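The values are calculated or read from the model by the stated rules, or taken from the named source; none is laboratory data. Computed from a predicted model, the values in this text were never measured in an experiment. We place every Cβ from the backbone using ideal geometry, glycine too, and count neighbours over all the protein chains shown.
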Amino acid sequence: MWAEAMAAPDLRAQLDSLLLQLLGDLEELEAKRAALNARVEEGWLSLSKARYNMGAKSVGPLQYASRMEPQVRVGTSEAQDALQKFWLVRAGTQTPEEVGPREAALRRRKGLTRTPEPDPSPAPQDPLNWFGILVPHSLRQAQASFREGLQLAADMASLQSRINEGRSQVRGLQEKLKQLEPRAA
Amino acid sequence: MLEGAELCFNVDHGYLEGLVRGCKAGLLTQQDYVNLVQCETLEDLKIHLQTTDYGNFLANQTSPLAVSTIDTEMRKKLCREFEYFRNHSLEPLSTFFTYMTCSYMIDNVILLMNGALQKKSVKEMLVKCHPLGRFTEMEAVNIAETPSDLFNAILVETPLAPFFQDCMSENTLDELNIEILRNKLYKSYIEAFYKFCKNHGDVTAEIMCPILEFEADRRAFIITLNSFGTELSKEDRETLYPTCGKLYPEGLRLLAQAEDFEQMKRVADHYGVYKPLFEAVGDGSGAKTLEDMFYEREVQMNVLAFNRQFHYGVFYAYTKLKEQEMRNVVWIAECISQRHRAKINSYIPIL
């Protein structure tokens, strides 16, 4: 009984710190989401600008193959506390233990995605070259925006799983506290 | 022969000149653009376009409307007008029209070759080719492996044949070589077109030669700008510059050595026409790019072409102005469909 009476304030302190971390994570997630939206919008607008300069048919589905190999993959790992982390693995820079489930990094959006030729070739081809060698600046800007967005997406996925974990921990602690309270009283 | 433009032009070409001036009057006005910019959806845009010369051109399209459909339909309309002019033309205006279509043919050939690299089906690519650049041997373009193949087997009977002189090589066609091929073909084409106009003399030469000089110089600048940071070497780059512009020969030689935008700007500063264009280029998000400045200047020159009569330049100018109009409408449509209205006013007004 004594031990249980002592446990409640500890639990509450733990709960408080968990909640604070959860709120911090949520704020970071919101910020990253806003940044991702901005990058994606910029990327699409830069693509439109490139179409304006190069001709409407020069930047579109005609320029890429219907089957492609991703240039960037998502590696995942699960730690002991069931926390899932996601990170980007660029083709050609893989270490054996990092290769996680193979997932195309971006689901097939129409527009700029990454892909190289199949594995035997040493250097993955820059998708910018699908549109020719002399591409306007706006197309390079589009590629840069989408690349940043990709990084943000991986970070967001990790954050999301951390938030879910945090929420379940908070719920667990709240349950324990409820059990302790009636007995203490 | 005495300068007979005023006397003889109308015999052969008067009807078509009158027609093209009538078509020009149907270009979108500033008020039309203001209405288009205020549209909230692509359906609104379609409704507004119905009140202009475009009429019900989108009537048979299923909703939801896509921006590429708008572009294709507008291009079909331009093509119909162009074909009408071409079918009713007599020499030497017909040759002039053939020269105009060569640039679209070059684009189609390159599109088909790129499609072959990406292993796309020929039928899929043929549908997307520019209608003004169609020629019968198009379907066979994708089987060519080298430029000499391409020439000997396929293009030797087409109007593009004379432009292949510099491009015959045995290199296989990968991305770098296709790009080089495209630019070399275009260089030969524009130099040949320039010579044709110059030899024709008369008002046509007075109007068309400055326009083509500007086009050649603009190509040189844009090739230089886009080649920074790519695998194209300076010597290769110099072979792609058309020589019929004001920059030839000193400017082109200086331009070939340029390594960044600042150096390019210094070359342009030597030329009174290009200095103001480069100075107006800004860096921030609201600023104009170099390509925008070139488009504006092109529009200015094309509008001025209509101030004189009895020359073929009106046909060229009309086609180019119509293309700018299509670019404007597609830009506005993209901004509307992406709900990103910050830059919607970046179109170039024509009238």
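Looking only at segment A:1-60, filter to residues that are of a type in the set (K, R) and in contact (Cβ under 8 Å) with a residue 24 or more places away in the chain; which one of those is nearest to A:L139 (Cα to Cα)?
The selected residue is A:K49.
Of all residues in segment B:12-42 being under 21 Å from B:Y318 (Cα atoms) and without any contact (Cβ under 8 Å) to a residue 12 or more places away in the chain, which is surrounded by the most Cβ atoms within 10 Å (Cβ to Cβ)?
If we take residues in segment B:12-42 being under 21 Å from B:Y318 (Cα atoms) and without any contact (Cβ under 8 Å) to a residue 12 or more places away in the chain, then B:G14 is surrounded by the most Cβ atoms within 10 Å (Cβ to Cβ).
B:T69: within 19 Å of A:K49 (Cα to Cα) and either assigned to a helix (DSSP H, G or I) or modelled with pLDDT of 90 or more (or both), yes or no?
yes
Mind checking whether some residue in segment B:147-155 is touching a residue at least 12 places away in the same chain (Cβ under 8 Å) and surrounded by fewer than 17 Cβ atoms within 10 Å (Cβ to Cβ)?
Scanning segment B:147-155 turns up at least one residue that is touching a residue at least 12 places away in the same chain (Cβ under 8 Å) and surrounded by fewer than 17 Cβ atoms within 10 Å (Cβ to Cβ).
Give the residue that is nearest to B:K77 (Cα to Cα), with candidates limited to residues of segment B:113-131 that are in contact with a helix residue (DSSP H, G or I) (Cβ under 6 Å, 6 or more places away or on another chain) and in a helix (DSSP H, G or I).
B:P131
Any idea which of (1) under 19 Å from B:P242 (Cα atoms); (2) of a type outside the set (D, E, K, R); (3) more than 20 Å from the chain's Cα centre (by Cα) is the one B:V156 doesn't satisfy?
Every condition holds for B:V156 apart from (1).
Within segment B:179-210, work out how many residues are over 15 Å from B:Y248 (Cα atoms) and touching a helix residue (DSSP H, G or I) at 6+ places or on another chain (Cβ under 7 Å).
Number satisfying all stated conditions: 19.
Have a look at B:L185, B:L173 and point out the one that is outside any helix (DSSP H, G or I) and either touching a Leu at 6+ places or on another chain (Cβ under 9 Å) or at pLDDT below 80 (or both).
Of the residues listed, the single one that is outside any helix (DSSP H, G or I) and either touching a Leu at 6+ places or on another chain (Cβ under 9 Å) or at pLDDT below 80 (or both) is B:L173.
Inside segment B:260-304, can you point out the residues that are surrounded by fewer than 15 Cβ atoms within 10 Å (Cβ to Cβ), among the basic types (K, R) and within 25 Å of B:S233 (Cα to Cα)?
Across segment B:260-304, the qualifying residue is only B:R266.
Going by what's in this entry, would A:R33 be described as modelled with pLDDT under 95 and charged (D, E, K, R)?
no
Answer yes if at least one residue in segment B:49-67 is within 14 Å of chain A (Cβ to nearest Cβ), in contact (Cβ under 8 Å) with a residue 24 or more places away in the chain and in contact with a Leu (Cβ under 7 Å, 6 or more places away or on another chain), and no otherwise.
Looking through segment B:49-67, none of the residues is within 14 Å of chain A (Cβ to nearest Cβ), in contact (Cβ under 8 Å) with a residue 24 or more places away in the chain and in contact with a Leu (Cβ under 7 Å, 6 or more places away or on another chain).
So which residues in segment B:140-164 are more than 23 Å from B:F97 (Cβ to Cβ) and part of a helix (DSSP H, G or I)?
Once the filter is applied, which keeps residues that are more than 23 Å from B:F97 (Cβ to Cβ) and part of a helix (DSSP H, G or I), segment B:140-164 yields B:A140, B:N142, B:I143, B:P147, B:S148, B:D149, B:L150, B:F151, B:N152, B:A153.
Does A:A38 qualify as being assigned to a helix (DSSP H, G or I), away from chain B (no Cβ under 14 Å) and either aromatic (F, W, Y) or out of contact with any His (no Cβ under 6 Å at 6 or more places or on another chain) (or both)?
So A:A38 does not fit the description; no.
Of everything in segment B:72-100 that's free of Cβ contacts under 8 Å to residues at least 60 places away in the same chain and closer than 18 Å to A:R51 by Cα, which residue is farthest from the other protein chains (Cβ to nearest Cβ)?
Restricting to residues being free of Cβ contacts under 8 Å to residues at least 60 places away in the same chain and closer than 18 Å to A:R51 by Cα, the top hit is B:E73.
Tell me which helices (runs of 4 or more DSSP H) are completely within segment B:247-351 and hold 3 or more residues being among the hydrophobic types (A, V, I, L, M, F, W, C) and farther than 30 Å from B:V11 by Cα, or say none if there are none.
B:250-256, B:261-268, B:290-305, B:313-337
Could you list, in sequence order, all residues of segment B:221-251 that are of a type in the set (G, A, S) and crowded, with 16+ Cβ neighbours inside 10 Å?
B:S227, B:G245, B:G251 - these are the residues of segment B:221-251 that are of a type in the set (G, A, S) and crowded, with 16+ Cβ neighbours inside 10 Å.
Under the condition of being of a type in the set (S, T, N, Q) and either over 25 Å from A:F131 (Cα atoms) or crowded, with 18+ Cβ neighbours inside 10 Å (or both), which residue from segment A:41-66 is farthest from the other protein chains (Cβ to nearest Cβ)?
Step by step, filter segment A:41-66, then rank; the result is A:S46.
Tally time: how many residues in segment B:1-54 are within 25 Å of B:T69 (Cα to Cα), aliphatic (A, V, I, L, M) and part of a loop (DSSP other than H, G, I, E, B)?
Here the count works out to 3.
Give B:E213, B:E157, B:E179 a once-over and let me know the one that is acidic (D, E) and within 14 Å of chain A (Cβ to nearest Cβ).
B:E179
Only residues in segment B:101-128 that are within 7 Å of chain A (Cβ to nearest Cβ) and under 18 Å from B:D174 (Cβ atoms) count as the first member; pair them with residues that are part of a loop (DSSP other than H, G, I, E, B) and among the aromatic types (F, W, Y), Cβ under 9 angstrom, at least 6 apart or cross-chain, and list the lot.
B:Q118/A:Y64
Select from segment B:224-246 the residues that are in a loop (DSSP other than H, G, I, E, B) and either under 19 Å from B:L290 (Cα atoms) or not acidic (D, E) (or both) and list them in ascending order.
Passing the criteria: B:F228, B:G229, B:T230, B:L232, B:S233, B:L240, B:Y241, B:P242, B:T243, B:C244, B:G245, B:K246.
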